[in-house]
Structure formats: structure tokens, C-alpha cells
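**Q** Encoded as C-alpha cells, here's the structure I'll be asking about.
The values are calculated or read from the model by the stated rules, or taken from the named source; none is laboratory data. Computed from a prediction, not measured in an experiment: that's the story for all the values here. Cβ atoms come from the backbone with ideal geometry, glycine included; neighbour counts cover every protein chain shown. Ligands, DNA and RNA are excluded from the accessible area calculation, which covers all protein heavy atoms including side chains. Shrake-Rupley method; radii C 1.70, N 1.55, O 1.52, S 1.80 Å.
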Amino acid sequence: MSDNRIAAIALDEATILTRGADVEREREAALRDLSEDSAFEPLRAAEAGQAGPWSLDLSVPDGRLCIGVTDGEGGDAGTIVLGLARFRRVVREYFAICDSYYKALRQASASELETLDMARRAIHDRGARQLVEALEGKVETDFATARRLFTLICVLHIKA
């Protein structure tokens, strides 16, 4: 197993006021999937001779995503800070389509659910691509890892 992976992730639970069962399932799946299969290499830490597997601490203070990174030996590997303004629209769209999807689960036809699910995946993919772009020059990662991290960014945006 590669050292350039995520071994553990902690979310700033103080940021999250409430979440439903559907969101909790998404959060748990993203955390599990990232610890089982991910590609993550913080470039500055690697250039400084630090190695993974990496542990991440995600928080959203003052409208910024802060990714605290710890190396495989427990040493501080720095913090990656990203402005979240670029993600506001896609996060808002993702919440809206997820809300429609979860409401439709109770009464929609299979084709309606499929259409909503395709739209939900497309918006999620767009958010992951934006995250890959935002991390360029800071972190080497793959699309699947960025997709799961985007899920966690959305979880951190839940306010009530």
C-alpha cells in the first residue's frame, strides 16, 4: 500500500450543527472509502522529506477550508487553506439536488430517480473537478479521492 494516501480524517464537528441519516451515511462512506483507497501527497511536505500515510483534519473557519496535515510519523506537515467562495454555487446546487433526490425516493418512479441521481452525480463530479483545480500545486491527488473529499466539504457546510 502506498504511503501517498490518507490514513485517517477528522472533521471539525463543532462546524456541523446537525445532519440527517442520509448525510451521515454519505459522510461515513466517504471516510471509509478514503481510508481504504486514496491518493494524496501534499507537495510541500513531500519536498521537505515528510512521508505518509497522511492524516487530515478538516475544518471550515471564516469561510475557508483548512486541511491540517500530519505525516506518517505524527509530525505536523502543514495546513492547506482554500477559499470556499469558488465552491458555494456547486455546494448549493448539490444540496438542492440531494434534497430533491431524497424526497423523490419515497414516491418517484425509477426513471425519475435515475434522472435525479444522474444530475446529482454530475454536480458532485463538477465539485470534485473544482477541488482538483484548487489543490493544483499543493496536493497530488486523483479524481476519486477529490470526489470523496468534496463530499466531506459538503458535510462541513451543513449549518442547520
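**Q** Helix-only estimate, please: 222 nm mean residue ellipticity of the chain, summing -39500 (n - 2.57) across DSSP H runs of length 4 or more and dividing by its residues, to the nearest 500.
**A** -16500 deg cm²/dmol
**Q** Inverting the mean 1/r over all pairs of different Cα atoms, compute the Kirkwood radius of the stretch 1-90 and quote it in Å.
**A** It works out to 14.1 Å.
**Q** List the GluC sites (Glu not before Pro) in the stretch 44-110 that DSSP assigns to loop (not H, G, I, E or B) and whose Cβ has at most 10 other Cβ atoms within 10 Å. Which are they?
**A** Here the GluC sites (Glu not before Pro) that fit, given the DSSP loop and packing criteria, are Glu73.
**Q** Sticking with this structure for a sec: Any idea what the relative contact order of the chain is, in percent, if you count C-alpha pairs under 8 Å spaced at least 6 apart?
**A** Across the chain, relative contact order equals 30 percent.
**Q** What's the extension gain from Ala14 to Glu28 if we count 0.36 nm per residue and subtract their Cα-Cα distance?
**A** Length difference between fully extended and current span is 3.3 nm.
**Q** Per Stokes-Einstein, at 20 °C and 1.002 mPa s, what whole-number D in µm² s⁻¹ belongs to the chain, with the Kirkwood radius over Cα pairs as the hydrodynamic radius?
**A** Diffusion coefficient, whole number: 131 µm²/s.
**Q** So between Arg92 and Lys138, what do we pick up on full extension, going 0.36 nm a residue minus the alpha carbon distance?
**A** Between Arg92 and Lys138, full extension yields 14.0 nm more.
**Q** Hey, another quick one. Got a sec? What order do Val23, Val91 fall in by accessible area at 1.4 Å, biggest, i.e. largest, first?
**A** The residues order as Val23, Val91, largest area first.
**Q** Got a sec? Charge dipole of the chain, +1 on Cβ for Lys and Arg, -1 for Asp and Glu; which of Ser55, Ile67, Leu105 is way out at the positive end?
**A** Of the candidates, Leu105 comes out farthest on the positive side.
**Q** Measuring from label point to label point, each 7 Å out along Cα→Cβ, what is the Thr79 to Ala108 span in nm?
**A** 3.9
**Q** Through the Karplus equation 6.51 cos²θ - 1.76 cosθ + 1.60, θ set to phi - 60°, convert the phi angles of the stretch 135-151 into ³J(HN,Hα) values in whole Hz; use x for Gly and Pro.
**A** 8, 4, x, 10, 9, 8, 8, 10, 5, 4, 5, 4, 4, 5, 5, 4, 4
**Q** Give me the dipole magnitude in Debye, nearest 20, for the stretch 93-160 about the Cα centre, with unit charges on the beta carbon: positive for Lys and Arg, negative for Asp and Glu.
**A** Values: 10 positive and 10 negative charges, 50 e Å.
Value, rounded to 20: 240 debye.
**Q** Once you put a point 7 Å from the Cα of Arg64 and another 7 Å from the Cα of Ala39, both along the Cβ direction, what distance in nm separates them?
**A** Calculated label separation equals 2.9 nm.
**Q** If you roll a 1.4 angstrom probe over the protein chains with everything in place, what fraction of the accessible area of the chain belongs to carbon and sulfur, to the nearest %?
**A** C and S fraction of accessible area: 48 percent.
**Q** Same structure again: Leaving out ligands and nucleic acids, note down the accessible area per residue over the chain with a 1.4 angstrom probe, in whole Å².
**A** Value for the chain: 54 Å² per residue.
**Q** Show Tyr102, Tyr94 ordered by accessible area, largest first, where the area counts protein heavy atoms only and the probe is 1.4 Å.
**A** Tyr102, Tyr94
**Q** Using a simple charge model, +1 on the beta-carbon of Lys and Arg, -1 on the beta-carbon of Asp and Glu, nothing else, what dipole does the stretch 72-126 show about its Cα centre, in debye to the nearest 20? It would help to have the intermediate numbers written out before the result.
**A** Working: 9 positive and 8 negative charges, 68 e Å.
The calculation lands at about 320 debye.
**Q** While we're looking at this one, here's another question. Normalising by the residue count of the stretch 22-71, find the relative contact order in percent from Cα pairs under 8 Å and 6+ residues apart. Show your work: numbers first, answer last.
**A** Values: 30 pairs, mean separation 12.3, N = 50.
For the stretch 22-71, the relative contact order is 25 percent.
**Q** Right, another one. 5 Å is the cut-off here: which amide hydrogens, built 1.01 Å from N in the peptide plane, fall below it relative to Ala10, excluding neighbours closer than 5 in sequence?
**A** Leu56, Asp57, Leu58
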